[in-house]
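J.: Here it is, the structure in full.
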Amino acid sequence: MSTLWRVADVVSGTPETETARTIGLRVDGLMGNLAGQHIDIRLTADDGYTAVRSYSVATAGMDELLEITVDELTNGEVSPYLVRHLAVGDRLEIRGPVGGWFVWRPANPNPVQLIAGGSGVVPLMSMIRAHEASPNPSPFRLLYSLKSPEAAFYREELFILGRESPKLTVDYVYTRAVPPGWPTAAKRLSAETLLAKILPAEDTPDFFICGQTVFVETVAEWLVQAGYPAASIRTERFGGTGGTP
Amino acid sequence: MGIISSGFHGRRQTGNPALPPGQHETADFPVLTAGPAPDIPIQDWEFFIVTEQGRRQVWSWDAFMALPQVEIRTDIHCVTSWSKLGTTWRGVSLDTLFEEVETSSEFTTAHSYGGYTTNVPLQDLLDGHAWVAWEFDGHPLERAHGGPARLLVPHLYFWKSAKWINGIELTQDDVPGFWESNGYHMYGDPWREERYS
């Protein structure tokens, strides 16, 4: 793990939604990252002013390439630049990847339940990709809570994986608008819906939950009340306040 | 100077001398924890200090509340780069809690309900540097923020201010706690940007 700033080349920029984009970075000497880790990004203005923010890595590899997906925050300082201005061929500085807790390791034999609120899907996607690339046969299940179909990250990849992977199940909960023909109306995630769409306690799953603070707090609380051991639940939060499930 | 991002202007908060390097000010109070928040009823809550000799002092909630309470006004700095300036807390100074503790240890491990641990050198807990706080901005500390009570060591990154504090163990060696075993710095001075190990 390195705490030094390193130079990254921007090698790709792909829109995910109206407000989010995936940015591919190549970092000289990077030896890959664990699934679930984050990097710090430092931007420097022409007078030397700097701003640093943390972003989850969406990929999990063993080489010099990684991808982050950045959602533009209203009034954000760094995210609008990354989403709207940064161009392929630009360079920026990164630190990391860092983090040893909210990570999934391919040697983990337990079934895994991932629960994402909005852009909290990013580190969970890195776990899904690492799991798919590994011979690890344990089942993964993703519950992805999002406002509308248009807000989904990695839409095509998750659709294909959900249909074809023998070891991944993907469930969606839409809180504002549903796709055409969806069997239920848009509504907030409830404890009942949650518990109906996750691995049962007898499977002793490991949980990774990522989203806004209130979403993560609420979901973790429901899981504990439903009898899942607190020690099996790992959480990561972003953003300030707001965002009930 | 690093790589310049043309067209990036930023918000210029670093002009504020209260902000350590790499930090930005937030008006919110974000939450950083590793798992679910434990639920600790006041009647079951206790706070202990155990020495390297195994001598143990324990306070119930009532005994703890009977100790001298002080108001603390301080800035807090999270390793995830937000800082919150001018926060107000109420609690008990660690100097008060350590009054009758005899030890030759230089290190401590703070233990929380739920199993969280973090290591803090003893001298960073004493001489008016640290408190066990139970009130934030005039209200009882919310569970998400560490209630009923949390350690408050505001001169270090905020992961050292263990939520849901249960007690302090004095140790012979500097033993890495939870985040310190997961890539974060053993000491965590925000002014020296000691974020990662």
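The values are calculated or read from the model by the stated rules, or taken from the named source; none is laboratory data. Note that the coordinates shown come from a computational prediction; the quantities given were computed from them, not determined experimentally. Glycine also receives a Cβ, built like all others from the backbone with ideal geometry; neighbour counts cover every protein chain displayed.
J.: Looking only at region A:220-243, decide whether some residue is surrounded by fewer than 16 Cβ atoms within 10 Å (Cβ to Cβ), away from chain B (no Cβ under 14 Å) and touching a Pro at 6+ places or on another chain (Cβ under 9 Å).
T.: Scanning region A:220-243 turns up no residue that is surrounded by fewer than 16 Cβ atoms within 10 Å (Cβ to Cβ), away from chain B (no Cβ under 14 Å) and touching a Pro at 6+ places or on another chain (Cβ under 9 Å).
J.: A follow-up question, please. Find all pairs meeting these conditions: Cβ atoms under 9 angstrom apart; at least six residues apart or on different chains; first residue within region A:54-73 and over 14 Å from residue A:8 (Cα atoms) and not assigned by TED's automatic domain parsing to the domain that holds residue A:37; second residue buried (at least 22 other Cβ atoms within 10 Å of the Cβ) and polar (S, T, N, Q).
T.: none
J.: Step by step: first the residues of region B:1-36, then only those that are closer than 30 Å to residue B:173 by Cβ and within 7 Å of chain A (Cβ to nearest Cβ), then the one that is modelled with the lowest pLDDT. Which residue is that?
T.: B:32
J.: Evaluate region A:188-199: report whether one residue or more is more than 14 Å from chain B (Cβ to nearest Cβ) and of a type in the set (Lys, Arg).
T.: Yes, that holds for at least one residue.
J.: Taking helices (runs of 4 or more DSSP H) that fall entirely within region A:134-245, which contain at least 1 residues that are within 27 Å of residue B:159 (Cα to Cα)? Before the answer, list the steps.
T.: Details: elements: A:155-164, A:191-196, A:213-225.
Of the helices (runs of 4 or more DSSP H) lying wholly inside region A:134-245, those with at least 1 residues that are within 27 Å of residue B:159 (Cα to Cα) span A:213-225.
J.: Shifting gears a bit: Any residue at all in region A:144-166 that is at positive phi, surrounded by 13 or more Cβ atoms within 10 Å (Cβ to Cβ) and within 19 Å of the chain's Cα centre (by Cα)?
T.: yes
J.: Which is touching a residue at least 60 places away in the same chain (Cβ under 8 Å) and farther than 25 Å from residue A:103 by Cβ, of A:4, A:86?
T.: Residue meeting the stated conditions: A:86.
J.: Taking region A:173-186 on its own, how many of its residues are without any contact (Cβ under 8 Å) to a residue 60 or more places away in the chain and out of contact with any helix residue (DSSP H, G or I) (no Cβ under 8 Å at 6 or more places or on another chain)?
T.: The number of residues fulfilling the criteria is 8.
J.: Condition (residue is under 20 Å from residue A:238 (Cβ atoms), at pLDDT 95 or above and of a type in the set (Phe, Trp, Tyr)) applied to region A:138-147: is it met by at least one residue?
T.: Within region A:138-147 (the criterion being under 20 Å from residue A:238 (Cβ atoms), at pLDDT 95 or above and of a type in the set (Phe, Trp, Tyr)), the answer is yes, since at least one residue qualifies.
J.: OK, next. Considering only region A:103-120, I want to know if a residue exists there that is at the interface with chain B (Cβ under 10 Å from one of its Cβ atoms), over 18 Å from residue A:65 (Cβ atoms) and either in contact with a Phe, Trp or Tyr (Cβ under 6 Å, 6 or more places away or on another chain) or crowded, with 16+ Cβ neighbours inside 10 Å (or both).
T.: Keep residues of region A:103-120 that are at the interface with chain B (Cβ under 10 Å from one of its Cβ atoms), which gives A:103.
Within this subset, residues satisfying the condition of being over 18 Å from residue A:65 (Cβ atoms) are A:103.
Next, from what is left, pick out any that are either in contact with a Phe, Trp or Tyr (Cβ under 6 Å, 6 or more places away or on another chain) or crowded, with 16+ Cβ neighbours inside 10 Å (or both): A:103.
Yes, because at least one residue in region A:103-120 is at the interface with chain B (Cβ under 10 Å from one of its Cβ atoms), over 18 Å from residue A:65 (Cβ atoms) and either in contact with a Phe, Trp or Tyr (Cβ under 6 Å, 6 or more places away or on another chain) or crowded, with 16+ Cβ neighbours inside 10 Å (or both).
J.: Being within 19 Å of the chain's Cα centre (by Cα), of a type in the set (Gly, Ala, Ser) and more than 10 Å from chain B (Cβ to nearest Cβ) is the filter here, so list the residues in region A:58-97 that pass it.
T.: A:58, A:60, A:61, A:79
J.: For region B:112-134, give me each residue that is more than 14 Å from chain A (Cβ to nearest Cβ), surrounded by 22 or more Cβ atoms within 10 Å (Cβ to Cβ) and part of a strand (DSSP E or B).
T.: Once the filter is applied, which keeps residues that are more than 14 Å from chain A (Cβ to nearest Cβ), surrounded by 22 or more Cβ atoms within 10 Å (Cβ to Cβ) and part of a strand (DSSP E or B), region B:112-134 yields B:119, B:120, B:131, B:132, B:133, B:134.
J.: On the basis of being surrounded by fewer than 18 Cβ atoms within 10 Å (Cβ to Cβ) and out of contact with any helix residue (DSSP H, G or I) (no Cβ under 8 Å at 6 or more places or on another chain), does residue A:200 make the cut?
T.: Judged against the criteria, residue A:200 is a match.
J.: While we're here: If you go through region B:135-166 one residue at a time, how many are under 14 Å from residue B:111 (Cβ atoms) and assigned to a loop (DSSP other than H, G, I, E, B)?
T.: Selection size over region B:135-166: 6.
J.: Further question on the same structure: Considering region B:122-162 alone, what residues qualify as being modelled with pLDDT of 95 or more and basic (Lys, Arg)?
T.: B:150, B:160
J.: Of everything in region B:30-77, what is basic (Lys, Arg) and within 16 Å of the chain's Cα centre (by Cα)? Give them in sequence order.
T.: Answer for region B:30-77, where residues must be basic (Lys, Arg) and within 16 Å of the chain's Cα centre (by Cα): just B:73.
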